[in-house]
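Scroll down for the structure; my scribbles are underneath it.
The values are calculated or read from the model by the stated rules, or taken from the named source; none is laboratory data. Please read all numbers here as calculations on a predicted model, not as lab measurements. Counting neighbours? That spans all protein chains shown, and the Cβs are built from the backbone with ideal geometry, glycine included.
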Amino acid sequence: MAEQKGIFLAGVYRIGKEKIPIRVCRWFKGRGRLGRNWGGWYEEGMEIVHVSSELAEAAKAGGLADVVSGLAKAQLRAGHLVDIILPRYDCLQWDHLTKLEQLKGVLDLGMDQERLEVLAWRAQLGPLSLTLLDLKGAAHYFSRGVIYGERDDIDRFTAFSKAAVLYLTQKKRAPDLLHIHDWPCAAIAPLAKQARLKSAIVLTIHNLQHQGKGDLFHLRRLGLEAVAAKMQDPHSSHLINLLKGGIEYADAVTTVSPTYEKEIQTPLGGFGLDALLVQHKKKLSGILNGIDTAYWNPETDPLIQAHYPAFPHIDPKSFAKVLKGKMENRRALQKECGLAQEERPVVAAVTRMVFQKGPELILYAMERTVELGGQFILLSSLPEGHLQVQFDAARKTLPQNSVHICFSYREALAHLIYAGADMLTLPSLFEPCGLTQMIAMRYSSVPIVRKTGGLADTVFDVETSDHGAKERNGFTFDFPDRAGVHWALDRALKMWGENKKKWQQLMQSGAACDFSWDHSEPLYHELYKKVCKATRAPF
Ligand code: ADP
């Protein structure tokens with residue numbers, strides 16, 4: 001495989017009599033990683049490789065895509081060298097990719113009797129450098145027109161994980177830090193350790209519910225029979241559990257919010273891995289996700305009707321522009337969704353339609369909103385059949401000019417909803433972090449959420465929170481039942497109708513929250529440095 005060209009420099013920096021060693025500084029394609037602090041110790045950027053099954057604007061199914069993209073961009077801004085390894089799905093958003101070139105050479109994956117060849121491409125996605133890996137074989141793993149949802153997903157992503165490790169071991173120098181995401185890439189941790197890849201490994205759990213359970217065949221196929229005990233599912237001895245293997249072998253494990261970190265160590269939130277996570281408590285940390293504030297920006301968003309100010313330009317003077325902008329977007333949204341163009345509160349949900357998101361409660365929120373005179377928009381992807389039936393039934397009974405249900409993935413409509421809706425609801429049964437509540441607040445919409453996981457870390461109830469008055473930014477409820485939704489939704493719609501001043505204050509407190517990656521990227525950097533030191537990876 002072709003390597004990136006690099007020359008290595010090292011030296012000593014003198015201040016008076018004091019000699020300060022400059023750590024090895026690598027230059028790639030003329031782009032040097034300059035120290036930030038020439039007066040003190042020279043701190044070079046790290047070489048970070050993310051391996052993920054999703055990436056925003058290339059292959060997105062949910063929040064994982066946004067997180068990998070947002071974090072990688074923040075790491076680039078902080079001076080690190082970042083690469084993202086992704087499967088070369090045939091359904092990639094090819095029009096967003098530039099500088100696509102195939103690397104020379106083919107790697108043979110040598111998995112059992114299956115002949116699988118790895119082909120690699122380099123590409124750019126805006127500022128992000130990507131490596132796309134394709135697996136050529138009879139099964140056409142990544143030529144199915146989908147990211148997930150295939151019967152052989154375990155086969156597809158274990159093969160991808162093996163390919164990623166093989167690709168990395170062919171390079172002249174291992175990255176300082178290998179950051180792997182969720183079950184599809186979790187097998188990379190044991191595989192990389194077995195291949196003696198000299199990178200520290202961080203695994204992020206974006207959602208513990210999905211663990212990637214396979215059978216012994218998968219273990220053999222990966223060549224990991226020697227570590228069978230650590231890959232074994234704790235509750236079904238005949239199964240292997242890829243996420244468990246990742247947790248066992250990664251040098252650090254992160255989750256996407258501090259509250260979720262606590263929840264997954266309990267039987268209620270641990271999905272069977274709570275005892276293991278408690279055992280590995282020392283390497284576990286919860287770092288709150290950010291959002292890509294350049295992409296999600298009502299001041300510049302090309303997918304909304306009217307632009308209006310956002311953080312840090314939110315103040316009482318600019319707020320009239322926010323109200324005007326939101327009103328124009330609301331009209332455009334109502335028109336787009338075939339709703340009555342009236343001054344009524346618009347409540348929305350933008351979500352994958354799965355058990356975790358509380359479909360029954362979303363349905364209840366829809367009915368209750370209509371009862372209270374509001375309008376409800378549901379934009380939802382991946383509905384399971386029986387759930388779709390329930391919503392289709394509701395669609396028939398509820399007034400058409402008050403309810404719009406869209407069962408598909410529509411990026412542009414999602415943007416218009418964040419900008420045009422008054423409220424966004426998330427009655428999740430559990431929520432590792434949740435991005436939609438943060439995006440909603442960035443667009444001055446008010447969140448109504450169940451107090452769980454990252455929702456509990458980002459939304460503070462206007463009446464009951466113990467946070468200060470200025471930090472209170474939405475409505476929360478504790479129990480995932482109809483009474484909880486009823487209580488929070490009724491309070492929200494009442495305030496919208498009867499106390500405009502207080503409502504606008506609430507919009508402002510949400511819009512004033514800084515959810516950018518600038519807060520979380522340094523936390524990841526500190527963690528990376530710690531694990532590199534502990535594992536004596538090259539950095
Ligand atoms: P999860 O990762 O559990 O799906 P998150 O709240 O972390 O939930 O992230 C959801 C992301 O996916 C957000 O960027 C949201 O805008 C987007 N999204 C979810 N469903 C849809 C849809 N049907 N159409 C467009 N975007 C969607």
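The set of residues in region 71-92 being within 16 Å of the ligand (Cβ to nearest atom) and either under 19 Å from PRO184 (Cβ atoms) or among the aromatic types (Phe, Trp, Tyr) (or both) consists of LEU71, ALA72, CYS91.
Residue-by-condition table, conditions (1) buried (at least 24 other Cβ atoms within 10 Å of the Cβ); (2) farther than 22 Å from VAL346 by Cα; (3) more than 12 Å from the ligand (Cβ to nearest atom); (4) over 17 Å from the mean Cα position of the chain (by Cα):
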| residue | (1), (2), (3), (4) |
| --- | --- |
| ASP422 | no, no, yes, yes |
| GLU431 | yes, yes, no, no |
| GLY434 | yes, no, no, no |
| MET438 | yes, no, no, no |
| PRO447 | yes, no, no, yes |
| ARG450 | yes, no, yes, yes |
| ASP457 | no, yes, yes, no |
| GLU463 | no, no, yes, yes |
| HIS467 | no, yes, yes, yes |
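Test LEU178 against the criterion of being touching a Ser or Thr at 6+ places or on another chain (Cβ under 7 Å), crowded, with 17+ Cβ neighbours inside 10 Å and within 25 Å of ALA56 (Cβ to Cβ), and give yes or no. Judged against the criteria, LEU178 is a match. Looking at ALA65, is it in contact with a Lys or Arg (Cβ under 9 Å, 6 or more places away or on another chain) and within 15 Å of the ligand (Cβ to nearest atom)? In short, no. Considering region 356-401, and only residues there that are β-branched (Val, Ile, Thr) and touching a Leu at 6+ places or on another chain (Cβ under 8 Å), the residue that is farthest from PRO432 (Cα to Cα) turns out to be VAL370.
Inside region 343-362, can you point out the residues that are assigned to a loop (DSSP other than H, G, I, E, B), without any contact (Cβ under 8 Å) to a residue 40 or more places away in the chain and within 15 Å of the ligand (Cβ to nearest atom)? If the condition is that a residue be assigned to a loop (DSSP other than H, G, I, E, B), without any contact (Cβ under 8 Å) to a residue 40 or more places away in the chain and within 15 Å of the ligand (Cβ to nearest atom), then VAL354 is the only one that fits.
Scan region 312-327 for residues that are assigned to a helix (DSSP H, G or I) and without any contact (Cβ under 8 Å) to a residue 60 or more places away in the chain and the total you get is 4.
Scanning region 388-419 for residues that are part of a loop (DSSP other than H, G, I, E, B) and closer than 27 Å to MET441 by Cβ, we see that the one that is farthest from the ligand (Cβ to nearest atom) is SER402.
Evaluate the following for THR131: is it polar (S, T, N, Q), in a strand (DSSP E or B) and modelled with pLDDT of 85 or more? So THR131 passes the test. Report yes if LEU125 is buried (at least 21 other Cβ atoms within 10 Å of the Cβ), touching a residue at least 24 places away in the same chain (Cβ under 8 Å) and over 20 Å from the mean Cα position of the chain (by Cα), otherwise no. No. Kindly indicate whether any position in region 139-157 is part of a helix (DSSP H, G or I), among the basic types (Lys, Arg) and under 23 Å from VAL67 (Cα atoms). So far as region 139-157 goes, yes, one or more of its residues are part of a helix (DSSP H, G or I), among the basic types (Lys, Arg) and under 23 Å from VAL67 (Cα atoms).
Figure legend. Inter-residue proximity from region 56-82: first residues under 16 Å from PRO127 (Cβ atoms) and touching a residue at least 12 places away in the same chain (Cβ under 8 Å), second residues among the polar types (S, T, N, Q) and part of a helix (DSSP H, G or I), beta-carbon distance below 8 Å, spacing 6+ or different chains. Indicated pairs: ALA56/SER69; GLU57/SER69; VAL82/GLN75.
In the set (1) over 30 Å from ALA61 (Cβ atoms); (2) at pLDDT below 95, the condition left unmet by ASP518 is number (1).
Checking the structure you have, find out if any residue of region 150-162 is β-branched (Val, Ile, Thr), over 19 Å from the mean Cα position of the chain (by Cα) and either at pLDDT below 95 or under 30 Å from GLY453 (Cβ atoms) (or both). Yes. Looking at region 107-122 only, could you name the residues that are surrounded by 12 or more Cβ atoms within 10 Å (Cβ to Cβ) and either at pLDDT below 95 or aliphatic (A, V, I, L, M) (or both)? Of everything in region 107-122, those that are surrounded by 12 or more Cβ atoms within 10 Å (Cβ to Cβ) and either at pLDDT below 95 or aliphatic (A, V, I, L, M) (or both) turn out to be LEU107, LEU109, GLY110, MET111, ASP112, GLU114, ARG115, LEU116, GLU117, VAL118, LEU119, ALA120.
Which residue is surrounded by the fewest Cβ atoms within 10 Å (Cβ to Cβ), if the candidates are limited to region 356-383 and must be touching a strand residue (DSSP E or B) at 6+ places or on another chain (Cβ under 6 Å) and small (Gly, Ala, Ser)? Here the residue is SER381. Filtered by the rule that a residue be more than 16 Å from the ligand (Cβ to nearest atom) and either of a type in the set (Lys, Arg) or touching a residue at least 40 places away in the same chain (Cβ under 8 Å) (or both), region 374-387 gives GLY374, GLN375.
Does at least one position in region 292-307 carry a residue that is under 20 Å from LEU429 (Cα atoms) and in contact with a Pro (Cβ under 7 Å, 6 or more places away or on another chain)? Checked against the condition, which is being under 20 Å from LEU429 (Cα atoms) and in contact with a Pro (Cβ under 7 Å, 6 or more places away or on another chain), region 292-307 yields no hits at all.
From the list ALA365, ALA340, pick out the single residue that is under 29 Å from PHE430 (Cβ atoms), in contact (Cβ under 8 Å) with a residue 60 or more places away in the chain and small (Gly, Ala, Ser). When all the criteria are applied, what remains is ALA365. Just wondering, is there one or more residues in region 187-203 that are part of a helix (DSSP H, G or I), at pLDDT below 95 and either under 17 Å from LEU276 (Cα atoms) or aliphatic (A, V, I, L, M) (or both)? Scanning region 187-203, I find no residue that is part of a helix (DSSP H, G or I), at pLDDT below 95 and either under 17 Å from LEU276 (Cα atoms) or aliphatic (A, V, I, L, M) (or both), so the answer is no.
Screening region 271-310 for residues that are in a strand (DSSP E or B) and either of a type in the set (Asp, Glu) or touching a strand residue (DSSP E or B) at 6+ places or on another chain (Cβ under 6 Å) (or both) and picking the one that is nearest to TRP517 (Cα to Cα) gives GLY286.
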